[in-house]
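Report on the following structure.
None of the figures in this text is laboratory data; all of them are computed from the coordinates on show. Bear in mind the structure is a predicted one, so any value in this text is a computation, not a measurement. Because the Cβ atoms are built from the backbone with ideal geometry, glycine has one as well, and the counts that use them run over all protein chains shown.
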């Protein structure tokens, strides 16, 4: 979080500096804004590459933790589903005298033509 904040702050600072320098150079209006964005983008690409790499590494580590948590959650879900299936199979094997389920329950909901 701090790396993203530092990188964003540096980009905003470069934009402000570019705007001030271009204003002093005589740019005004929409031209000032367009040139300031372009100059600050180029400057941040060159000057902030190290901070961008640090931020990318932090983001990658965070995504790795999220992926690990998701895999753990998925395995717990599968484990719970398999134990539930085993319980249902055990209960259904004891009810052999129960009537069979209707093979086409959706057919009852169909309108008669």
7 Å from Cα along Cα→Cβ at both residue 83 and residue 50: what's the point-to-point distance in nm? 5.2
Evaluate the distance, in nm, between pseudo-label points positioned 7 Å from the Cα of residue 3 and of residue 21 along their respective Cα→Cβ axes. 2.7
Distance between Cα centroids, the range 8-22 to the range 40-88: provide it in whole Å. 32
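Work out, in µm²/s and without decimals, the Stokes-Einstein translational diffusion coefficient of the range 2-81 at 4 °C, 1.567 mPa s, Rh from Kirkwood over C-alpha pairs.
Calculated translational D: 85 µm²/s.
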